[in-house]
Amino acid sequence: MTNVRWKRRAESMLSQFIEGSAIDCDDVDIYYDAPTSSPPKLKPYFRLENFSTSDQQPTCGADSVYDRLLGCNCRRGDYTVDGTCGSLFLQWVKIVFGGAVKAYLSNQLFLALLPLALGAIIGYYFGNRNNGAKRKYSAFFGRISEAFQWVCLHFMIRKCKASELLFDEDRDERTRTEVKAIETKRESGVELECVPRHVAVIMDGNRRYGKEKYGSATRGHWDGSKTLLEFGKWCMDEGIQILTVYAFSTENWNRDAEEVSTLMSIFCKYCDELRVEAVERRMRIHVLTTDGERIPEDVRKGIERMEEETKHCTEFTMNVCLSYGGRNEIANACKSVAMDVQEGKMNANEIGEAALQSKMLTNHCCDPDIIIRTSGEERISNFLLWQAAYAEFFFLKKQWPELEKADLLDVIRAFANGRKRRFGK
C-alpha cells in the first residue's frame, strides 16, 4: 500500500513539475518509513523559474518537493533522503543537450544529413519487412523514403550553393591562390627575384652510368628518365618557371639501331609517366623537334596526347627537345621568314632578330638563364644555339642519373651570388 501511495505522489509531482504549475502536497497522501511521528512539512510549490542555468550552483532545500522527488543529501530533523542532487543533473543535461542542438542547427550540412540518414534507415527497415500482409506496404514506404531523401539532398545542395560551402566552381582556383600566397621556404636560401627563371639541361652520362653500375647502357637511360621527373620537382620547389632538357639530338639517330630502338621504347613509356605527373603538378609540356618525321608513330601519338592534356597547365613549363638540333632550328626559322617574304606577309627590310625569334621553337618562353651539362663534358653539342647567347654555363662532374637536389641548389646559389650578367653593358 505504501509503494502505491509513493507512486501516486511521484507521478502527481512530476506531472505538475513538467507543466510548471504549483504543487499542492495536500492532494497526495504521504507515508514515511522514517521512524518519526511528525514528518517535515513540504513546501507547497516548485516552479521552473526556480531552476537556474547560471554558473551559480543550485541551492538545495530539504522541504522542496523537487528535491524530495529526485533526492538530495540533506537532513531536516530525523528525516533523511540520500542521493545525488537532481538539479545539478538536470542542469548538466540541459547544457550538453542545448549545446548539441545549437551545433546541429547552426550547420547546414548536419541539417541535411540527419534527415537523409533517417530516410535511409526507414527505407531499409520497411524495405526488408516481407512478412505476411505487411509486404504490400514495404514498396510504398520505400518510395516515400526515396522521395524524402531526394528532397533533403535537393535542399542541401541549394543551401550549400547559396552559402558557397559545396560545389563552388571557384573553390579550387581560390585554394591554389591561397597556397601560392603562402611563402614557402626554398632550400637554396636565395631570394625569389634572384632565382633563374629558365634552366636548360644537357642530360649527359646515361650510357656511362648504366655500364658502370649495371653493365648495361639501357638501364642507365631508365634511371635517367626517373631523374628528370625528380629534377622537375626540384625546379618547381625553388621557384624556377621553365625547364628545357636535351633528351635526344638529331645526331643521336646515328647510334646503333638497337640502342635507338630501346630509347624510343623508353620515350613511349616515359610520355605516359610524364603526362600523369605533369597534369597532377599543373606542368605544361612542349616537345621541341626539328626532324619529327623520324620519330616512330607510337612515340608521336604519346607526344601529341601529352601536349594536348597539359596545354591548360600554367604553374610550370617543361620543354623536351626530342630529335632536335640547334642548327636545324635556325635554318628552319630562316626558311619560314623567307616564305613570309615570298608570300608578301613581310618585307625583306623587316627581317631582324625579332623576326627570327618569333620563328624559334622556344618563342613561347624566354631564353635560358642557365645551361647545365652533366658528365664532366664541357661543350654545347648543338643545343639551343640561338637561345644560349647570354646563358650562364655550369658543367658538373656527375653523370645525369647521379644528380641530386644539392647539386641544383649549388648552381642556383652560384648563379645568384657569383655570376654578374651585364648583357654587353
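Residues in segment 354-371: is at least one farther than 23 Å from TRP253 by Cα, open to solvent by 40 Å² or more (accessible area, probe 1.4 Å) and over 40 Å from the mean Cα position of the chain (by Cα)?
There is at least one residue in segment 354-371 that is farther than 23 Å from TRP253 by Cα, open to solvent by 40 Å² or more (accessible area, probe 1.4 Å) and over 40 Å from the mean Cα position of the chain (by Cα).
Could we say that MET318 is of a type outside the set (Lys, Arg), on the phi < 0 side of the Ramachandran plot and touching an Asp or Glu at 6+ places or on another chain (Cβ under 9 Å) here?
The answer is no for MET318.
Among the candidates LYS213, LYS226, which residue alone is surrounded by fewer than 17 Cβ atoms within 10 Å (Cβ to Cβ), within 16 Å of LYS405 (Cβ to Cβ) and touching a Pro at 6+ places or on another chain (Cβ under 9 Å)? Walk me through it before giving the result.
Working: LYS213 fails: within 16 Å of LYS405 (Cβ to Cβ).
None of the others qualify; the one that does is LYS226.
Select the helices (runs of 4 or more DSSP H) contained entirely in segment 318-425, then report the ones holding at least 3 residues which are without any contact (Cβ under 8 Å) to a residue 60 or more places away in the chain, among the small types (Gly, Ala, Ser) and under 30 Å from TRP222 (Cβ atoms).
Values: elements: 326-342, 353-357, 405-418.
Where helices (runs of 4 or more DSSP H) fall fully within segment 318-425, none carries at least 3 residues being without any contact (Cβ under 8 Å) to a residue 60 or more places away in the chain, among the small types (Gly, Ala, Ser) and under 30 Å from TRP222 (Cβ atoms).
The values are calculated or read from the model by the stated rules, or taken from the named source; none is laboratory data. What you see is a predicted model, and the numbers here were worked out from it, not measured in a lab. Using ideal geometry, Cβ is built from the backbone for each residue, glycine included, and neighbour counts are taken over all protein chains shown. SASA here: full protein model, heavy atoms, side chains in, ligands and nucleic acids out. Shrake-Rupley method; radii C 1.70, N 1.55, O 1.52, S 1.80 Å.
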